[in-house]
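Novice: Here it is, the structure, as C-alpha coordinates.
The values are calculated or read from the model by the stated rules, or taken from the named source; none is laboratory data. Just so it is clear, the structure is predicted and the values come from calculations on it, not from any experiment. Note that each Cβ is placed from the backbone with ideal geometry, even for glycine, and that neighbours are counted across all protein chains shown. Calculation scope for accessible area: heavy atoms of the full protein, side chains included, ligands and nucleic acids excluded. Shrake-Rupley method; radii C 1.70, N 1.55, O 1.52, S 1.80 Å.
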Amino acid sequence: MTQENLKEIRERVKHLNRFLHIEDRLAKTESDKQLTLSPGFWDDNKRATGILKDIKVNKFWLDLYERVYTAVEDFAVLFDFWKAGEATEEEVQDGFNKALKDVDELEFKSTLNAPEDEMPAMMIINSGAGGTESQDWAEMLLRMYRMYGEKQGWTVSEVDTQYGDGAGVKQATIEFSGEFSYGLLKAESGVHRLVRISPFDSNARRHTSFASVYVYPLVDDSIEIEVSPADLEWEFYRSGGKGGQNVNKVETAVRLKHKPTGIIVECQQARTQGENREKALKMLKSRLYEEELRRREELKNAANSSKKKIEWGSQIRSYVFHPYKMIKDHRTGYEVGNVGPVMDGEIDDFIKAYLMSAGELAE
(Lines give C-alpha, C1' and ligand atoms only; values in the text may rest on other atoms or scores of the structure.)
Protein backbone atom coordinates (compact mmCIF):
# COMPACT_ATOMS: atom_id res chain seq x y z
CA MET A 1 0.00 0.00 0.00
CA THR A 2 1.51 3.34 -1.05
CA GLN A 3 0.80 7.06 -0.91
CA GLU A 4 0.27 6.81 -4.68
CA ASN A 5 -2.74 4.50 -4.13
CA LEU A 6 -4.35 7.09 -1.87
CA LYS A 7 -3.60 9.96 -4.26
CA GLU A 8 -5.07 8.07 -7.22
CA ILE A 9 -8.32 7.09 -5.50
CA ARG A 10 -8.79 10.65 -4.18
CA GLU A 11 -8.37 11.98 -7.71
CA ARG A 12 -11.13 9.65 -8.89
CA VAL A 13 -13.42 10.98 -6.16
CA LYS A 14 -12.67 14.57 -7.22
CA HIS A 15 -13.53 13.68 -10.81
CA LEU A 16 -16.84 12.17 -9.64
CA ASN A 17 -17.56 15.32 -7.64
CA ARG A 18 -17.23 17.41 -10.79
CA PHE A 19 -18.98 14.93 -13.10
CA LEU A 20 -22.00 14.56 -10.79
CA HIS A 21 -22.16 18.34 -10.06
CA ILE A 22 -22.27 17.64 -6.32
CA GLU A 23 -22.10 21.31 -5.24
CA ASP A 24 -24.92 22.26 -7.63
CA ARG A 25 -27.03 19.33 -6.40
CA LEU A 26 -26.52 20.39 -2.77
CA ALA A 27 -27.58 23.97 -3.53
CA LYS A 28 -30.62 22.90 -5.57
CA THR A 29 -31.75 20.40 -2.95
CA GLU A 30 -31.60 23.03 -0.24
CA SER A 31 -33.51 25.49 -2.45
CA ASP A 32 -36.15 22.89 -3.37
CA LYS A 33 -36.65 21.92 0.28
CA GLN A 34 -37.36 25.57 1.08
CA LEU A 35 -39.93 25.65 -1.74
CA THR A 36 -41.80 22.69 -0.22
CA LEU A 37 -42.30 24.75 2.95
CA SER A 38 -43.80 27.72 1.12
CA PRO A 39 -47.55 28.42 1.33
CA GLY A 40 -49.53 27.11 -1.62
CA PHE A 41 -46.83 24.59 -2.58
CA TRP A 42 -49.50 22.03 -3.56
CA ASP A 43 -51.63 24.52 -5.50
CA ASP A 44 -49.79 23.41 -8.64
CA ASN A 45 -49.73 19.64 -8.22
CA LYS A 46 -47.60 18.97 -11.31
CA ARG A 47 -44.94 21.50 -10.27
CA ALA A 48 -44.93 20.18 -6.70
CA THR A 49 -44.54 16.60 -7.87
CA GLY A 50 -41.65 17.61 -10.12
CA ILE A 51 -39.85 19.39 -7.27
CA LEU A 52 -40.25 16.38 -4.95
CA LYS A 53 -38.91 14.12 -7.69
CA ASP A 54 -35.86 16.39 -8.12
CA ILE A 55 -35.23 16.25 -4.38
CA LYS A 56 -35.41 12.47 -4.42
CA VAL A 57 -33.07 12.12 -7.42
CA ASN A 58 -30.51 14.58 -6.06
CA LYS A 59 -30.61 12.95 -2.62
CA PHE A 60 -29.88 9.59 -4.24
CA TRP A 61 -26.71 10.90 -5.92
CA LEU A 62 -25.62 12.93 -2.89
CA ASP A 63 -25.98 9.93 -0.57
CA LEU A 64 -24.03 7.72 -2.98
CA TYR A 65 -21.25 10.28 -3.28
CA GLU A 66 -21.12 10.81 0.50
CA ARG A 67 -20.73 7.06 1.04
CA VAL A 68 -17.84 6.92 -1.44
CA TYR A 69 -16.15 10.03 -0.02
CA THR A 70 -16.44 8.65 3.52
CA ALA A 71 -15.02 5.25 2.51
CA VAL A 72 -11.99 6.90 0.86
CA GLU A 73 -11.32 9.22 3.80
CA ASP A 74 -11.69 6.32 6.26
CA PHE A 75 -9.04 4.51 4.24
CA ALA A 76 -6.83 7.63 4.41
CA VAL A 77 -7.09 7.65 8.23
CA LEU A 78 -6.23 3.94 8.39
CA PHE A 79 -3.28 4.56 6.08
CA ASP A 80 -1.94 7.22 8.48
CA PHE A 81 -2.44 4.87 11.44
CA TRP A 82 -0.57 2.14 9.56
CA LYS A 83 2.37 4.44 8.84
CA ALA A 84 2.44 5.27 12.56
CA GLY A 85 2.36 1.57 13.44
CA GLU A 86 -1.14 1.77 14.94
CA ALA A 87 -3.00 -0.31 12.33
CA THR A 88 -2.25 -3.61 10.62
CA GLU A 89 -1.56 -3.99 6.93
CA GLU A 90 -4.63 -6.25 6.69
CA GLU A 91 -6.88 -3.48 8.10
CA VAL A 92 -5.48 -0.98 5.62
CA GLN A 93 -5.94 -3.41 2.72
CA ASP A 94 -9.57 -4.06 3.75
CA GLY A 95 -10.19 -0.29 3.90
CA PHE A 96 -8.66 0.18 0.47
CA ASN A 97 -10.67 -2.69 -1.05
CA LYS A 98 -13.93 -1.25 0.33
CA ALA A 99 -13.13 2.25 -0.92
CA LEU A 100 -12.10 0.91 -4.34
CA LYS A 101 -15.31 -1.12 -4.65
CA ASP A 102 -17.46 1.91 -3.75
CA VAL A 103 -15.61 4.17 -6.22
CA ASP A 104 -15.93 1.57 -9.02
CA GLU A 105 -19.66 1.22 -8.33
CA LEU A 106 -20.29 4.98 -8.36
CA GLU A 107 -18.26 5.42 -11.56
CA PHE A 108 -20.43 2.77 -13.17
CA LYS A 109 -23.70 4.27 -11.92
CA SER A 110 -22.57 7.70 -13.09
CA THR A 111 -22.99 6.40 -16.66
CA LEU A 112 -26.73 6.26 -15.92
CA ASN A 113 -27.16 10.02 -16.04
CA ALA A 114 -29.90 10.45 -18.67
CA PRO A 115 -33.35 11.42 -17.29
CA GLU A 116 -34.94 8.26 -18.69
CA ASP A 117 -32.37 5.97 -17.01
CA GLU A 118 -34.26 6.23 -13.72
CA MET A 119 -37.60 5.19 -15.26
CA PRO A 120 -39.19 1.73 -15.15
CA ALA A 121 -38.44 -0.43 -18.19
CA MET A 122 -40.69 -2.25 -20.61
CA MET A 123 -39.14 -5.22 -22.41
CA ILE A 124 -40.54 -7.02 -25.45
CA ILE A 125 -39.06 -10.42 -26.35
CA ASN A 126 -39.88 -11.79 -29.82
CA SER A 127 -38.99 -15.25 -31.06
CA GLY A 128 -37.31 -15.37 -34.47
CA ALA A 129 -38.00 -17.64 -37.41
CA GLY A 130 -37.83 -21.34 -36.65
CA GLY A 131 -41.00 -22.13 -34.75
CA THR A 132 -40.59 -24.17 -31.59
CA GLU A 133 -36.80 -23.76 -31.46
CA SER A 134 -36.91 -19.96 -31.38
CA GLN A 135 -39.98 -19.86 -29.17
CA ASP A 136 -38.20 -22.02 -26.59
CA TRP A 137 -35.18 -19.69 -26.79
CA ALA A 138 -37.46 -16.66 -26.26
CA GLU A 139 -38.86 -18.32 -23.13
CA MET A 140 -35.32 -19.02 -21.87
CA LEU A 141 -34.52 -15.31 -22.26
CA LEU A 142 -37.77 -14.40 -20.52
CA ARG A 143 -36.71 -16.55 -17.55
CA MET A 144 -33.19 -15.06 -17.56
CA TYR A 145 -34.44 -11.48 -17.45
CA ARG A 146 -37.11 -12.24 -14.87
CA MET A 147 -34.43 -13.75 -12.61
CA TYR A 148 -32.13 -10.77 -13.25
CA GLY A 149 -34.86 -8.34 -12.23
CA GLU A 150 -35.63 -10.32 -9.08
CA LYS A 151 -31.92 -10.39 -8.14
CA GLN A 152 -31.91 -6.58 -8.47
CA GLY A 153 -34.83 -6.38 -6.04
CA TRP A 154 -37.12 -4.94 -8.72
CA THR A 155 -40.82 -5.60 -9.21
CA VAL A 156 -41.21 -7.76 -12.33
CA SER A 157 -44.67 -7.92 -13.94
CA GLU A 158 -45.86 -9.85 -16.98
CA VAL A 159 -47.90 -7.47 -19.15
CA ASP A 160 -48.69 -9.68 -22.14
CA THR A 161 -47.57 -13.16 -23.24
CA GLN A 162 -48.36 -15.01 -26.46
CA TYR A 163 -47.44 -18.65 -25.98
CA GLY A 164 -46.21 -20.94 -28.75
CA ASP A 165 -48.36 -23.79 -29.99
CA GLY A 166 -45.93 -26.49 -28.87
CA ALA A 167 -43.53 -24.85 -26.44
CA GLY A 168 -42.04 -21.51 -25.51
CA VAL A 169 -43.39 -18.04 -26.26
CA LYS A 170 -43.92 -16.14 -29.50
CA GLN A 171 -43.83 -12.79 -27.75
CA ALA A 172 -43.66 -11.58 -24.16
CA THR A 173 -43.91 -8.08 -22.71
CA ILE A 174 -42.65 -7.56 -19.15
CA GLU A 175 -42.32 -4.51 -16.93
CA PHE A 176 -39.41 -3.90 -14.54
CA SER A 177 -39.89 -1.33 -11.82
CA GLY A 178 -36.93 -0.47 -9.63
CA GLU A 179 -33.74 1.55 -9.30
CA PHE A 180 -32.30 2.33 -12.78
CA SER A 181 -34.25 -0.50 -14.40
CA TYR A 182 -34.32 1.17 -17.84
CA GLY A 183 -30.79 2.54 -17.50
CA LEU A 184 -29.45 -0.98 -17.00
CA LEU A 185 -31.72 -2.98 -19.28
CA LYS A 186 -31.30 -0.66 -22.27
CA ALA A 187 -28.01 -2.52 -22.79
CA GLU A 188 -30.01 -5.62 -23.76
CA SER A 189 -31.82 -4.28 -26.84
CA GLY A 190 -30.89 -6.27 -29.92
CA VAL A 191 -30.85 -9.77 -31.35
CA HIS A 192 -29.69 -12.68 -29.15
CA ARG A 193 -28.35 -15.83 -30.87
CA LEU A 194 -28.37 -19.35 -29.40
CA VAL A 195 -26.35 -22.34 -30.65
CA ARG A 196 -27.15 -25.70 -29.03
CA ILE A 197 -28.09 -29.33 -29.54
CA SER A 198 -31.84 -29.09 -29.94
CA PRO A 199 -33.96 -30.90 -27.34
CA PHE A 200 -36.70 -31.02 -29.98
CA ASP A 201 -34.58 -32.79 -32.63
CA SER A 202 -34.71 -36.61 -32.39
CA ASN A 203 -31.41 -36.74 -34.32
CA ALA A 204 -29.70 -34.49 -31.73
CA ARG A 205 -28.45 -32.02 -34.33
CA ARG A 206 -27.07 -28.59 -33.59
CA HIS A 207 -29.49 -25.70 -34.16
CA THR A 208 -29.11 -21.93 -34.24
CA SER A 209 -32.01 -19.84 -32.92
CA PHE A 210 -32.63 -16.12 -32.71
CA ALA A 211 -34.79 -13.91 -30.51
CA SER A 212 -34.99 -10.13 -30.37
CA VAL A 213 -35.15 -8.02 -27.23
CA TYR A 214 -36.48 -4.47 -27.28
CA VAL A 215 -36.38 -2.24 -24.19
CA TYR A 216 -37.95 1.18 -23.73
CA PRO A 217 -38.55 3.47 -20.72
CA LEU A 218 -42.02 3.68 -19.17
CA VAL A 219 -42.71 7.40 -18.94
CA ASP A 220 -44.38 9.08 -15.98
CA ASP A 221 -46.54 12.19 -15.70
CA SER A 222 -43.48 14.47 -15.71
CA ILE A 223 -43.07 13.86 -19.46
CA GLU A 224 -45.85 15.10 -21.72
CA ILE A 225 -46.57 13.07 -24.85
CA GLU A 226 -49.49 14.31 -26.94
CA VAL A 227 -51.50 11.62 -28.72
CA SER A 228 -54.57 12.43 -30.80
CA PRO A 229 -57.53 10.07 -30.19
CA ALA A 230 -58.11 10.09 -33.97
CA ASP A 231 -54.71 8.39 -34.41
CA LEU A 232 -55.66 5.45 -32.18
CA GLU A 233 -57.18 2.13 -33.21
CA TRP A 234 -58.42 -0.08 -30.38
CA GLU A 235 -59.09 -3.83 -30.37
CA PHE A 236 -60.33 -5.92 -27.46
CA TYR A 237 -59.97 -9.66 -26.96
CA ARG A 238 -59.98 -12.32 -24.28
CA SER A 239 -56.89 -12.72 -22.14
CA GLY A 240 -55.16 -15.94 -23.10
CA GLY A 241 -53.42 -18.45 -20.87
CA LYS A 242 -50.73 -20.99 -21.65
CA GLY A 243 -51.76 -23.35 -24.41
CA GLY A 244 -54.16 -20.77 -25.81
CA GLN A 245 -56.88 -21.43 -23.27
CA ASN A 246 -58.97 -18.41 -22.36
CA VAL A 247 -58.64 -17.46 -18.73
CA ASN A 248 -61.28 -14.75 -18.98
CA LYS A 249 -64.78 -14.96 -20.42
CA VAL A 250 -64.91 -11.25 -21.25
CA GLU A 251 -62.75 -9.19 -23.57
CA THR A 252 -60.46 -7.49 -21.04
CA ALA A 253 -57.21 -7.67 -23.07
CA VAL A 254 -56.33 -4.65 -25.20
CA ARG A 255 -54.48 -4.16 -28.47
CA LEU A 256 -53.73 -0.54 -29.38
CA LYS A 257 -52.36 0.68 -32.71
CA HIS A 258 -50.94 4.13 -33.37
CA LYS A 259 -51.86 4.69 -37.01
CA PRO A 260 -49.24 7.34 -37.96
CA THR A 261 -46.28 5.19 -36.81
CA GLY A 262 -47.77 1.68 -37.01
CA ILE A 263 -46.70 0.98 -33.41
CA ILE A 264 -48.82 -1.72 -31.75
CA VAL A 265 -48.93 -2.42 -28.00
CA GLU A 266 -50.86 -5.15 -26.22
CA CYS A 267 -51.81 -5.49 -22.59
CA GLN A 268 -53.67 -8.16 -20.62
CA GLN A 269 -52.04 -7.52 -17.26
CA ALA A 270 -55.06 -6.15 -15.38
CA ARG A 271 -58.43 -7.76 -14.69
CA THR A 272 -60.52 -5.02 -16.28
CA GLN A 273 -60.61 -3.58 -19.77
CA GLY A 274 -60.41 -0.04 -18.39
CA GLU A 275 -57.17 -0.70 -16.53
CA ASN A 276 -55.64 -2.41 -19.56
CA ARG A 277 -56.68 0.52 -21.78
CA GLU A 278 -54.95 2.94 -19.43
CA LYS A 279 -51.81 0.80 -19.31
CA ALA A 280 -51.74 0.33 -23.09
CA LEU A 281 -51.98 4.10 -23.66
CA LYS A 282 -49.10 4.66 -21.23
CA MET A 283 -47.07 2.01 -23.05
CA LEU A 284 -47.78 3.66 -26.40
CA LYS A 285 -46.69 7.09 -25.13
CA SER A 286 -43.53 5.46 -23.79
CA ARG A 287 -42.81 3.91 -27.18
CA LEU A 288 -43.28 7.28 -28.89
CA TYR A 289 -40.94 8.89 -26.32
CA GLU A 290 -38.32 6.20 -26.97
CA GLU A 291 -38.65 6.71 -30.75
CA GLU A 292 -37.81 10.38 -30.25
CA LEU A 293 -34.82 9.48 -28.05
CA ARG A 294 -33.60 7.09 -30.71
CA ARG A 295 -33.98 9.70 -33.46
CA ARG A 296 -31.92 12.19 -31.46
CA GLU A 297 -29.27 9.55 -30.74
CA GLU A 298 -28.99 8.70 -34.43
CA LEU A 299 -28.59 12.38 -35.32
CA LYS A 300 -25.90 12.76 -32.64
CA ASN A 301 -24.02 9.71 -33.87
CA ALA A 302 -24.27 10.84 -37.50
CA ALA A 303 -22.67 14.15 -36.51
CA ASN A 304 -19.62 12.36 -35.12
CA SER A 305 -18.60 9.27 -37.04
CA SER A 306 -15.91 8.41 -34.50
CA LYS A 307 -18.58 7.55 -32.00
CA LYS A 308 -20.18 4.14 -31.85
CA LYS A 309 -23.32 3.92 -33.92
CA ILE A 310 -26.27 2.28 -32.20
CA GLU A 311 -27.34 -0.67 -34.30
CA TRP A 312 -30.93 -1.11 -33.20
CA GLY A 313 -32.04 -4.66 -33.82
CA SER A 314 -28.52 -5.94 -34.58
CA GLN A 315 -27.09 -9.17 -33.20
CA ILE A 316 -25.50 -8.20 -29.90
CA ARG A 317 -24.71 -11.49 -28.13
CA SER A 318 -24.13 -15.16 -28.87
CA TYR A 319 -24.92 -17.95 -26.43
CA VAL A 320 -23.06 -21.10 -27.49
CA PHE A 321 -23.91 -24.32 -25.61
CA HIS A 322 -22.36 -26.72 -28.16
CA PRO A 323 -19.70 -27.74 -29.27
CA TYR A 324 -18.20 -25.60 -26.49
CA LYS A 325 -19.73 -23.33 -23.85
CA MET A 326 -19.35 -19.58 -24.22
CA ILE A 327 -21.47 -16.45 -24.08
CA LYS A 328 -19.95 -13.47 -25.89
CA ASP A 329 -21.12 -9.89 -26.34
CA HIS A 330 -20.12 -8.77 -29.83
CA ARG A 331 -20.21 -5.05 -28.95
CA THR A 332 -17.64 -5.18 -26.16
CA GLY A 333 -15.87 -8.50 -26.66
CA TYR A 334 -16.73 -9.50 -23.08
CA GLU A 335 -17.24 -13.25 -22.76
CA VAL A 336 -17.68 -16.00 -20.16
CA GLY A 337 -17.39 -19.77 -20.36
CA ASN A 338 -19.72 -20.61 -17.47
CA VAL A 339 -23.13 -20.30 -19.13
CA GLY A 340 -25.30 -21.60 -16.25
CA PRO A 341 -25.15 -18.54 -13.95
CA VAL A 342 -25.80 -16.19 -16.90
CA MET A 343 -28.95 -18.08 -17.87
CA ASP A 344 -29.97 -17.81 -14.20
CA GLY A 345 -29.92 -14.02 -14.46
CA GLU A 346 -26.32 -13.14 -13.63
CA ILE A 347 -25.81 -10.69 -16.50
CA ASP A 348 -24.43 -7.73 -14.51
CA ASP A 349 -20.94 -7.99 -16.00
CA PHE A 350 -22.29 -7.94 -19.58
CA ILE A 351 -24.41 -4.87 -18.81
CA LYS A 352 -21.57 -3.05 -17.04
CA ALA A 353 -19.11 -3.78 -19.84
CA TYR A 354 -21.51 -2.34 -22.41
CA LEU A 355 -22.51 0.75 -20.43
CA MET A 356 -18.92 1.61 -19.46
CA SER A 357 -17.89 1.18 -23.12
CA ALA A 358 -20.77 3.36 -24.31
CA GLY A 359 -19.87 5.97 -21.68
CA GLU A 360 -16.25 6.13 -22.84
CA LEU A 361 -17.32 6.54 -26.47
CA ALA A 362 -19.66 9.39 -25.51
CA GLU A 363 -16.90 11.40 -23.82
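Novice: Treating only the Cα positions of region 30-134 as identical point scatterers, give the base-10 log of I(q)/I(0) from the Debye formula at each q in 0.19 Å⁻¹.
Specialist: The Debye formula, applied to the Cα set alone, gives -0.98.
Novice: Using modelled amide H (1.01 Å from N, peptide plane; none on Pro or chain starts), what sits under 5 Å from the amide H of Val227, excluding residues fewer than 5 places away?
Specialist: Residues meeting the criterion, in which the H sits 1.01 Å from N, do not exist here.
Novice: Select from region 1-45 those GluC sites (Glu not before Pro) which occupy a DSSP coil region and have at most 11 other Cβ atoms within 10 Å, ordered by residue number.
Specialist: none
Novice: Here's something else I'd like to know. Can you grab the distance from the C-alpha centre of region 24-45 to the C-alpha centre of region 74-115, Å, no decimals?
Specialist: Answer, in whole Å: 35.
Novice: Can you work out ³J(HN,Hα) from phi for every residue in region 343-358, in order, using Karplus 6.51 cos²θ - 1.76 cosθ + 1.60 and θ = phi - 60°, giving whole Hz and x for Gly and Pro?
Specialist: Coupling constants for region 343-358: 5, 8, x, 8, 10, 3, 5, 5, 5, 5, 4, 5, 5, 5, 5, 5 Hz.
Novice: Further, regarding this structure: Rank Glu133, Glu150 by accessible area, highest first, at a 1.4 Å probe radius?
Specialist: Working: Glu133 25, Glu150 110 Å².
Listed by decreasing accessible area, they come as Glu150, Glu133.
Novice: Now for a different question. Placing +1 at every Lys and Arg Cβ and -1 at every Asp and Glu Cβ, with all other atoms neutral, what dipole size does the chain have around its Cα centre, in debye to the nearest 20?
Specialist: With Lys and Arg at +1 and Asp and Glu at -1, about 1380 debye.
Novice: What whole-number volume per residue, in cubic angstrom, does the convex hull of the C-alpha atoms of the chain give?
Specialist: With only Cα atoms used, the chain gives 187 Å³ per residue.
Novice: Separate question: Using just the helices of the chain, give the 222 nm mean residue ellipticity in deg cm²/dmol: DSSP H runs with n ≥ 4 each add -39,500 (n - 2.57), and the total is spread over all residues, rounded to 500.
Specialist: -16000 deg cm²/dmol
Novice: Can you tell which of Phe75, Thr29, Leu62 lies farthest toward the positive end of the dipole of region 21-163, using +1 and -1 charges on the Cβ of basic and acidic side chains (Lys, Arg; Asp, Glu)?
Specialist: Farthest towards the positive pole: Thr29.
Novice: Tally Lys and Arg at +1 and Asp and Glu at -1 over the other residues with C-beta under 12 Å from the C-beta of Arg196: what net charge comes out?
Specialist: Taking every Cβ under 12 Å from that of Arg196, the sum is +1.
Novice: I want to check the label-to-label distance for Lys257 and Ile197. Put each point 7 Å from Cα in the C-beta direction and report it in nm to one decimal.
Specialist: Going by the 7 Å Cα→Cβ label model, 4.5 nm.
Novice: Anything over 20 Å Cα to Cα? Flag those among Lys109/Lys282; Lys257/Lys285; Lys170/Lys328; Lys56/Lys101, in the order listed. It would help to have the intermediate numbers written out before the result.
Specialist: On the way: Lys109/Lys282 27 Å; Lys257/Lys285 11 Å; Lys170/Lys328 24 Å; Lys56/Lys101 24 Å.
Beyond 20 Å: Lys109/Lys282; Lys170/Lys328; Lys56/Lys101.
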